[in-house]
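Below is one structure, written out as structure tokens; comments come after it.
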Amino acid sequence: MPESAELGRRRRTVLALTPVALRALSVRAKTERIRQTPGGAKSEYQKGPNQVDKRSAVFRGILCSDRWVVYLTYHSGRMQLCWAHLKRNILGSAEYARSPSARQFCRDALAIVARLFRLWYRFRGDLRDRRGNPQPIDRRQLIEKSIPLQKKLFALAEAHLDDADREVRNLATALFVHFERLFTFLEADGVEPTNNVAERILRTAVQWRKISFGNRSRNGEIATARLLTVTQTCKRQQHHVLGYLTEAVQCHRRQAAAPSLLPQQP
């Protein structure tokens, strides 16, 4: 058996369902049914699910996001759920946990998160020992060393699916149902375990919206969204923003296609 296939087989052994776990999976099944039914969730999302659906139909990459239900419902490709949001949820649950079982769940979950990120920092080359020497690992080692942590997290979530604490129960259900979406970053090149980069990029737009109180029309919203998207994309790709916008306007006047900002396929 090839080495990559063996790693894949070992990862799949993490999942071992019980009757309690099967009940939890009904949540994910319901989400999948909504996704497959045209307009099935329109009454639930009055802000325009068809528009979200159009965006996801264009995007074919791996979406890194939080657990907002629109992302989970309308993106049909692979996902990486943000571990920073997840850690924040665990810390919030720990702060208000009342039972010993709930507090233990939060402690165990945070310990697994810390060990997982330690592996990730070693893979990136950011972690050093006491003497300042790097402790690098390759992707194969990253996957192998993460398998025991995945098993522990899965078992922890399954054990608390019926927890008396509502916050812990909801968090355990989320961990269980979206388990596979938590570890995409281990295997896919270029995928981060958090969406911190996107959050930092959006900060300027959020501050601008709070100061100016947003737009007054739909056309204004579209124009602002496109300008902010182009601006931040140019900065990420180290393009001159004004130069790109000037060229795009010139192309529009010549009735030609604007230069693409999408990554070039190898």
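Identify, please: which residue in segment 74-131 is charged (D, E, K, R) and touching a residue at least 40 places away in the same chain (Cβ under 8 Å) and is, among those, farthest from LEU149 (Cα to Cα)?
Within segment 74-131, the match that is farthest from LEU149 (Cα to Cα) is ARG98.
Only residues that are among the basic types (Lys, Arg), exposed (fewer than 13 other Cβ atoms within 10 Å of the Cβ) and modelled with pLDDT of 90 or more: list them for segment 125-150, please.
Scanning segment 125-150 gives a single hit, ARG140.
Name, by its number, the condition in (1) assigned by TED's automatic domain parsing to the domain that holds MET79; (2) part of a helix (DSSP H, G or I) that does not hold for ARG209.
Looking at each condition in turn, ARG209 falls short on (1).
Considering each of VAL197, VAL177 in turn, give the residue that is under 15 Å from the mean Cα position of the chain (by Cα) and buried (at least 18 other Cβ atoms within 10 Å of the Cβ).
Just one listed residue meets the conditions, VAL177.
Inspect segment 187-194 for any residue being surrounded by 12 or more Cβ atoms within 10 Å (Cβ to Cβ), under 19 Å from the mean Cα position of the chain (by Cα) and of a type in the set (S, T, N, Q) and give the result as yes or no.
yes
Residues that are surrounded by 12 or more Cβ atoms within 10 Å (Cβ to Cβ), free of Cβ contacts under 8 Å to residues at least 40 places away in the same chain and not in a loop (DSSP other than H, G, I, E, B): does segment 252-266 have at least one?
No.
Quick check on segment 33-51. Is at least one of its residues in contact with a strand residue (DSSP E or B) (Cβ under 9 Å, 6 or more places away or on another chain), at pLDDT below 90 and either surrounded by fewer than 17 Cβ atoms within 10 Å (Cβ to Cβ) or charged (D, E, K, R) (or both)?
no
Filter segment 94-135 down to the residues that are of a type outside the set (D, E, K, R), more than 26 Å from ALA157 (Cα to Cα) and more than 23 Å from the chain's Cα centre (by Cα) and list them by number.
Correct list: LEU127, GLY132, ASN133, PRO134, GLN135.
Checking LEU175 against (1) out of contact with any Phe, Trp or Tyr (no Cβ under 9 Å at 6 or more places or on another chain); (2) closer than 20 Å to HIS85 by Cβ, which single condition isn't satisfied?
(1)
The values are calculated or read from the model by the stated rules, or taken from the named source; none is laboratory data. No experiment lies behind these values; they were computed from the predicted model shown. For neighbour counting, all protein chains shown are included, and Cβ atoms are generated from backbone atoms with ideal geometry for every residue, glycine included.
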